[in-house]
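The values are calculated or read from the model by the stated rules, or taken from the named source; none is laboratory data. A quick note: this is a predicted structure, and the numbers were derived from the prediction, not measured. Glycine also receives a Cβ, built like all others from the backbone with ideal geometry; neighbour counts cover every protein chain displayed.
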Amino acid sequence: MEATATQASSSELDVIVIGAGFGGMYALHLLREMGLKTRVYDAADGVGGVWRWNGYPGARVDFPGGPYYCYTFSEDLVKGWDWPESQPDQKSVLAYMDYVADQLDLRRDIQLDTWVTDANFNETTQRWIIETDQGESVSAQFIICAVGTLSAAHKPDIPGFDDFTGEVYHTGRWPSSGVDFSGKRVGVIGTGSSGVQSIPVIAREADQLTVFQRTPQYTIPARNHLLDEEFLKHTKENWPEIRDQMVASPFGAPIAAGERSALEDSEAERNELYESLWQKGGFAIAFNSYGDILTNKDANYTLAEFVRSKIRATVKDPATAEKLLPDYYIGTKRLILDTGYHETYNRDNVTLVSLKEDPIEKITASGIRTASGSEYPLDMLILATGYDAVTGAMQRLNPKGRNGVSLNEAWASRYNTYLGMTIPQFPNLFMIHGPETPSVLYNMPLGAELEAEWIRDCIDHLRKAGLGTIEPAAGVEKAWGDEVLEIANETLFPHTDSWYTGANIPGKHRQFAVHLGGPLFFQRLTEVADKGYEGFVLQN
Ligand code: NA7
């Protein structure tokens, strides 16, 4: 990587940021505005964080998308960019990130193609030292880990992987050059968002597609569409008010949350509402229909049953439809937006294998063999098997804090954090979208922005007060963990095995590590700062 004249010299960094996604890029912008020498490191060959790696066919924003899945802090950035579609695809998101990097002149302090292999806190110098795969050793007073919640790809431990002679891809590590499915017998393992988005596209191109499904999923039509000029103009002209609505809403979207109970309406009234929101597409059917879909089992059942009826009506073969019917509380695994997913099972070249009925026994040289002895010959195997979510990327980095304690030691029994952004025994280390923040159940670019601003203010506070370090006081992590769980326990989320609860990774702690408070979380951040960083130890 070529150094430019203005690039911060590595020997005198104030802040190291790991990750050039939404959080890392904004942190760089804010800290440079403060005059801090900051450098971002990222293993990818471009900016965009997890989006760089998720180029699988059909990859799209599944949150209320353009123009809300973006940086919100700058009207200039908002006005200078036209989102083409309601659910932007991966290329559009990367183009947007490139646009932001150029507009904010970020690239001169972003070092790409660089994997941070280690991070150690030096007690004597009170500085963090990172090592990179480029042979560098770099120190800074602060380290910000913006390493992504869905970036540590999960490759399941299925016997025989190494025997397979065909091509193998993971949706979370998709080759930027693309993959040619034509004439191939393709197998997809996994039917989360990545599987559901890619399966219809692969089915159209491949000779044959076999889907290996462990848990059937609820999917809602994305109804992606081009955004018209009038709408974009209105958005740009009213951005401050729209941003206020986003910040006030539970999920960071400018859409009012439903307030009434689903049980107040008759079945006919409910289904009429569900049908209208189904036709509109998107997450509104779950979050804006009624206020108790995610908290009341009976309310939840009404929507779950509505979506199951849609699957039955869409899939022509009743036996296949039956295998595709989910039975967990809708919304408690990541709700999925789809484009023609269930319709895909009506194609002659698509086969569904329910692993609940017939689990995979092993991967062979030529395909997959299931417990019943069935053989599925494959030329290509696609792992849409998800991530060691929320905590995996931090644990892979495994920084070492005070007394050389490693993160994996500190998190041996639970993911201890304070505010989801700091870790006991790890002074001057901040996370963006760490465990126990709203992260994956909030508008992630907006959440990253608000967290980065809190970090900026915290560092500013320390510097103005002439202080050197900040770290959580003993025991605060317990109270914080209880606060997170108390909110979660008011919902149905903890009742379902999902990557929110750590259930998708064998051996992972069963801890619901998402703060479901939305705006309440950000209020708590402000309160802590206003009380002089209550719960933290600040030292010279
Ligand atoms: P997900 O949502 O974790 O989906 C992974 C899928 O892979 C899911 O269907 C899993 O079944 C399945 N899986 C995982 N391990 C196995 C094994 N060993 N055997 C069979 N099937 C398995 O990841 P995605 O990438 O789809 O989505 C992640 C997020 O990224 C998404 O929400 C978007 O925000 C972007 P399971 O349900 O665990 O039974």
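Quick notes on this structure:
- Residue in segment 249-263 that is under 21 Å from the mean Cα position of the chain (by Cα), within 24 Å of E486 (Cβ to Cβ), surrounded by 17 or more Cβ atoms within 10 Å (Cβ to Cβ) and more than 16 Å from the ligand (Cβ to nearest atom) present: yes
- Remark: A203 matches the filter, which requires a residue to be outside any strand (DSSP E or B), over 24 Å from G48 (Cβ atoms), more than 14 Å from the ligand (Cβ to nearest atom) and in contact with a strand residue (DSSP E or B) (Cβ under 6 Å, 6 or more places away or on another chain).
- For segment 156-195, the set of residues classified as aromatic (F, W, Y) and under 16 Å from G58 (Cβ atoms) consists of Y169, W174, F181, listed by residue number.
- Residue under evaluation E357, criteria (1) buried (at least 17 other Cβ atoms within 10 Å of the Cβ); (2) within 30 Å of A152 (Cα to Cα), criterion not met: (1)
- Filter result (among the charged types (D, E, K, R) and not in a loop (DSSP other than H, G, I, E, B)) within segment 467-503: E471, E477, K478, D482, E483, E486
- Of the residues A304, A321, A286, the single one that is assigned to a helix (DSSP H, G or I), on the phi < 0 side of the Ramachandran plot and at pLDDT below 95 is A286.
- Taking strands (runs of 3 or more DSSP E) as the structural unit, those lying wholly within segment 343-398 and holding at least 1 residues that are more than 27 Å from the chain's Cα centre (by Cα) and within 13 Å of the ligand (Cβ to nearest atom) correspond to 350-354, 360-363, 367-370.
- Scanning segment 154-165 for residues that are within 9 Å of the ligand (Cβ to nearest atom) and touching a Lys or Arg at 6+ places or on another chain (Cβ under 8 Å) turns up just one, I158.
- Of all residues in segment 308-341, those being within 16 Å of the ligand (Cβ to nearest atom) and either among the charged types (D, E, K, R) or closer than 22 Å to A384 by Cβ (or both) number 18.
- When T117 is tested against (1) over 23 Å from the mean Cα position of the chain (by Cα); (2) assigned to a strand (DSSP E or B), only condition (1) is not met.
- Scope segment 181-200; condition away from the ligand (no atom under 13 Å from the Cβ) and out of contact with any helix residue (DSSP H, G or I) (no Cβ under 8 Å at 6 or more places or on another chain); matching residues: G183, K184, R185
- Test: residue in segment 166-176 that is away from the ligand (no atom under 16 Å from the Cβ), out of contact with any helix residue (DSSP H, G or I) (no Cβ under 7 Å at 6 or more places or on another chain) and modelled with pLDDT under 95: yes
- Residue pairs whose Cβ atoms lie under 7 Å apart, separated by 6 or more positions or on different chains, with the first residue in segment 211-231 and outside the structural domain of E85 (by TED's automatic domain parsing) and more than 16 Å from the ligand (Cβ to nearest atom) and the second outside any loop (DSSP other than H, G, I, E, B) and not polar (S, T, N, Q), are P221/W278; P221/D338; R223/K280; H225/E85; L226/E85; L227/E85.
- Any hit, segment 168-184, residues being β-branched (V, I, T), surrounded by fewer than 19 Cβ atoms within 10 Å (Cβ to Cβ) and not assigned by TED's automatic domain parsing to the domain that holds L77: yes
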